[in-house]
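Participant: Following this message is one structure expressed as structure tokens.
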Amino acid sequence: AQKVTQAQTEISVVEKEDVTLDCVYETRDTTYYLFWYKQPPSGELVFLIRRNSFDEQNEISGRYSWNFQKSTSSFNFTITASQVVDSAVYFCALWGADGLTFGKGTHLIIQP
Amino acid sequence: GAGVSQSPRYKVAKRGQDVALRCDPISGHVSLFWYQQALGQGPEFLTYFQNEAQLDKSGLPSDRFFAERPEGSVSTLKIQRTQQEDSAVYLCASSLVPGRYGYTFGSGTRLTVV
């Protein structure tokens, strides 16, 4: 069975600091997709990024960047120069033969 | 519609009561998913539809849970004889092609069983 582990339950940083959210996954599939979602207090899951298992290129989108390393089965998410509006719960997820499986999430608190 | 719409937004049910939660997916999305999210946890898969066919219901926790999508668009998740452990946020998501295009989630229905 596939599994996603987000070891950091909660992270608190001061605004403008950089922060990295860790994600480690397990799967026997050779083809799979990895996702990050943001869940603000309103509750909706907001899609941030999708990567397929054959594309290990890192990606940068504004202050967000993602580091996908198959060798360590990790898909980490970094926010540069964090802002209070980044405060939310962030979920890493894997889509494979068992469908879409989420980690337990990391609650990110950005203090002003 | 522009996004996935779920109703009601909040539902309080007395233990033993039946509830029905509605999901209106993005127009044209053939795949529809239901997830259950307990407090402080990640979403857990309940069931999956492709058009009107329920292809996977392995995540439904008991036979009190039932989902349908009779015309391949709107879906209803029904919980019979609710119990306190059913209290959670129920999220609906739709997708053109699962995996490849990701899922679009609704805002969820927060169910509280008292």
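Every read-out reported here was derived from the displayed coordinates using simple, explicitly stated rules and does not represent laboratory data. All of these numbers come straight from a predicted model, not from anything done at the bench. Cβ placement follows ideal geometry from the backbone for every residue including glycine, while neighbour counts extend to all protein chains displayed.
Participant: Could you give the spread of the C-alpha atoms of chain B along their three principal axes, from largest to smallest, in whole angstroms?
Facilitator: Dimensions of chain B along the principal axes of its Cα atoms: 38, 24, 22 Å.
Participant: Here's a follow-up. Only Cα pairs under 8 Å and at least 6 apart count here; give the relative contact order of segment A:1-109 as a rounded whole percent. Please list the in-between numbers first.
Facilitator: Values: 258 pairs, mean separation 42.0, N = 109.
Relative contact order, segment A:1-109: 39 percent.
Participant: Let me have the relative contact order for segment B:2-114, percent, based on Cα pairs under 8 Å that are six or more residues apart.
Facilitator: Worked out over segment B:2-114, it gives 37 percent.
Participant: How crowded by other chains is B:33-45, given as the mean number of beta carbons from other chains within 10 Å of each beta carbon?
Facilitator: Partner Cβ neighbours, averaged per residue: 4.
Participant: Apply the Karplus parameterisation 6.51 cos²θ - 1.76 cosθ + 1.60, with θ equal to phi minus 60°, to every residue of segment A:24-35 and state each ³J(HN,Hα) to the nearest whole Hz, in sequence, with x for glycine and proline.
Facilitator: 10, 10, 10, 7, 9, 6, 8, 10, 7, 10, 10, 9
Participant: Over the Cα atoms of chain A, each weighted equally, I'd like the Debye log10 I(q)/I(0) at q = 0.16, 0.17 Å⁻¹, rounded to two decimals.
Facilitator: Ignoring solvent entirely, the Cα scatterers give -0.68, -0.76.
Participant: Any idea how far the Cα center of segment B:1-33 sits from the one of segment B:61-99, in Å?
Facilitator: 7
Participant: List, in order, the whole-Hz ³J(HN,Hα) value for each residue of segment A:77-86 obtained from phi through the Karplus relation with A = 6.51, B = -1.76, C = 1.60 and θ = phi - 60°; use x for Gly and Pro.
Facilitator: Whole-Hz 3J(HN,Hα) from phi for segment A:77-86: 10, 10, 10, 9, 6, 4, 10, 4, 5, 7.
Participant: Please give the direction-averaged projected area of the C-alpha convex hull for segment A:54-94, in square nanometres with one decimal.
Facilitator: Average projection, Cα convex hull of segment A:54-94: 3.5 nm².
Participant: Right, next: To check you understand DSSP bridge types, tell me what percent of the beta bridges within chain A (both residues inside) are antiparallel, rounded to 5.
Facilitator: Details: 36 of 41 bridges.
Of all bridge pairs located within chain A, approximately 90 percent are antiparallel.
Participant: Just check segment B:22-68 against the gyration tensor rule for me: Cα atoms, a ≥ b ≥ c as the square roots of the eigenvalues, rounded for a/c under 1.5, and otherwise prolate or oblate depending on whether a/b exceeds b/c.
Facilitator: Here segment B:22-68 falls in the oblate category.
Participant: Placing +1 at every Lys and Arg Cβ and -1 at every Asp and Glu Cβ, with all other atoms neutral, what dipole size does segment A:1-81 have around its Cα centre, in debye to the nearest 20?
Facilitator: With only Lys, Arg, Asp and Glu charged at Cβ, the dipole is about 180 debye.
Participant: Return the sequence-ordered ³J(HN,Hα) values of segment B:30-40 in whole Hz as given by the Karplus equation 6.51 cos²θ - 1.76 cosθ + 1.60 applied to θ = phi - 60°, using x for Gly and Pro.
Facilitator: Result, rounded to whole Hz: 7, 9, 9, 10, 10, 10, 10, 10, 6, 4, x.
Participant: Oh, and also: Within 10 Å of each residue's Cβ, count the other Cβ atoms and sort B:Arg64, B:Arg110 from fewest upward.
Facilitator: On the way: B:Arg64 14, B:Arg110 17.
Listing B:Arg64, B:Arg110 from fewest to most nearby Cβ atoms yields B:Arg64, B:Arg110.
Participant: Can you list, largest first and rounded to whole Å, the semi-axes you get for the protein assembly as shown by taking the square root of 5 times each eigenvalue of its Cα gyration tensor?
Facilitator: On the way: eigenvalues 178, 86, 48 Å².
Semi-axes, largest first: 30, 21, 15 Å.
Participant: Please report the net charge: other residues with Cβ closer than 12 Å to the Cβ of A:Val85, K and R +1, D and E -1. Don't skip to the answer; put the middle values down first.
Facilitator: Values: positive: A:Lys38, A:Arg63; negative: A:Glu15, A:Asp86.
Once positives and negatives cancel, what remains is 0.
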